[in-house]
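Throughout, read-outs are computed from the coordinates displayed, never taken from laboratory work. The model shown is predicted, which means the values in this text are computed figures rather than measured ones. Positions of Cβ are backbone-derived with ideal geometry, glycine not excepted, and every protein chain shown enters the neighbour counts.
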Amino acid sequence: MLHSFANGAPNFARLFLNFTMIITRYLLLCAVVLGSSAANAQMGCTDPTATNYNSSAATNDGSCKYHVTHNTPLLKGVFSAAITESSGLVWTDGKLWTHNDSGNPPYIFSVDTTDGHTLQQVIIDNYPNTDWEDITADSNYIYVGDHGNNDGSRTDLKVLKIAKADINADSVVHVNAQAISFSYTDQTSFAPSSTNNYDCEALMSIGDSLYIFTKDRGDLRSRVYKMPKTPGTYALTPYTSYAVNGLITGADYNVTTKEVILVGYMSGHANSFLWFLSDFQGNMFFSGNKRRIEIGNGTNWQTEGVAWLSPNRYFISCEYTSNVPQSLFTGSKDSNKVSVSIKNGLKTVSYTICPNPSSDILNVNGLDSKAAFRIIDLSGQTSLQGNLEAVNSAVKIHTLIPGVYTIEVTNENKVRSSAKFEKR
């Protein structure tokens, strides 16, 4: 037995060596395949409306850049004389709420969305309006941000929490509020300054947290702080920031589209603007697409409040100035349509697609001539194809499985361009 085993040892060793080599090659092959897959999962700009859109990118790296775009919101109406300093807006439970700025009575107002006239007045009996700057809401509460801090010297910053159950249908209602008090851990000086970075005029609600955006007069950035909704006293530390190149005065979160809208203006309340933040990771609001839309014309237009009404439509409010009365405006994301333009010598194919996302119809508008289209899924397979008429065409996409697709358009000159869209 021993002699037989000894004679067979070399064969056993060779078998073991061959087996080890096979396993090693297999693992190396797996590593190559996995590495190839990781390389194929390209990062880049995934927004078709951006100037640096990358149709091959599967992961958004927040690098999207956009053409300068100017939109003009539509005037809906002028607020009553009781609301000369509309400083915040929120749409909740079918009502639009606003409030005045510092030094005014501690009232919030429900206003009509068709012309801005007052529908209801809610008086907060146990807290004054020190410097109310924004308003937000969730299913059960309305939150008023008493954290205006123009010169950076305040030490009594708070958010007032009002139970919706306490607001009945009367035209005038009295309520009490709870306080969520806070301070900034990164603020070390409270000396008054006209260029301080510790004013906050934008507040929004997501889930079980409140988020505030600063209005930095010193560096024209905006930092974000997160706080609980439970009444108490908190020390807040900023966790992200962005060079917004302006003064942020209002914020709101769209639950349906998971998009943040910010409103603000430049020095002197001139050249108002909006920021649309989308496709971000978690609560890192500046990690995804950041698109700025100019809405001002250089005049003194003190835009202070912003609120989503629907996935597409929003409201803006402004305070009274010498140029514009206290007013309510509305705007639409339809004005921010996907625009594609590809040139090949003297040949061009350009068009817009909307709505995006869409569940039924994808409109392809602005074509100079007839064209062929192909809709491709993420695996590269053709899901739909057909022909488009010049100017405007409607593509029925209701049969597509929900997800992200690419529409590839080829005109009569064989010039091809593509854009991504989402089927819901």
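What's the FRET efficiency of Asn245 with Asp186 using the Cβ-Cβ distance as r and R₀ = 25 Å, to the nearest 0.05? Provide the component values of the computation, followed by the final result.
Working: r = 21 Å, r/R0 = 0.85.
Plugging the Cβ-Cβ distance into 1/(1 + (r/R0)^6) gives 0.75.
Order by neighbour count: Ser379, Ser287, fewest other Cβ atoms within 10 Å first, most last.
Going from least to most buried by this count: Ser379, Ser287.
Expressed as a rounded percentage, what relative contact order does the chain have, with Cα pairs under 8 Å and six or more residues apart? Please list the in-between numbers first.
Working: 1085 pairs, mean separation 49.8, N = 424.
RCO, the chain: 12 percent.
How high is the relative contact order of region 212-333? Use alpha-carbon pairs under 8 Å, at least six apart in sequence, and give a whole percent.
So the answer I get is 17 percent.
GNM, the chain, Cα, under 10 Å: largest mean-square fluctuation among Thr113, Thr303, Thr69?
Comparing Thr113, Thr303, Thr69 in the GNM, the peak value goes to Thr69.
What are the lysines whose alpha-carbon lies under 26 Å from the alpha-carbon of Lys65, with same-chain residues fewer than 8 places away excluded?
Reachable lysines: Lys215, Lys258, Lys290, Lys333, Lys337, Lys343, Lys347, Lys420, Lys423.
Using the number of other C-beta atoms within 10 angstrom as an exposure proxy, rank Thr214, Thr249 with the fewest first.
If I rank by nearby Cβ atoms, fewest first, I get Thr214, Thr249.
On a straight-distance basis, which aspartates and glutamates could pair with Lys164 in a cross-link, Cα separation under 20 angstrom, same-chain partners fewer than 8 positions away excluded?
Asp93, Asp112, Asp125, Glu133, Asp134, Asp138, Asp146, Asp208, Asp252
Just Ser153, Ser332, Ser189 to compare: in a GNM of the chain, with alpha carbon springs under 10 Å, which one fluctuates most?
Among Ser153, Ser332, Ser189, the largest mean-square fluctuation in the Gaussian network model of the chain belongs to Ser189.
For region 72-336, max minus min Cα coordinate along each principal axis, in Å, sorted largest first?
44, 42, 37
For region 108-156, what relative contact order do you get, as a whole percent, if you take Cα pairs closer than 8 Å and at least 6 residues apart? Write out the running numbers ahead of the final one.
Working: 47 pairs, mean separation 11.3, N = 49.
About 23 percent, as a whole number.
Tell me the net charge near Asp166. Cut-off is 14 Å between Cβ atoms, Asp166 excluded, with +1 for each Lys or Arg and -1 for each Asp or Glu.
That works out to -1.
Specify the angular offset, from 0 to 90 degrees and rounded to the nearest 10, of the alpha carbon long axis of helix 2-40 from the longest principal axis of the alpha carbons in the chain.
Value to nearest ten degrees: 40.
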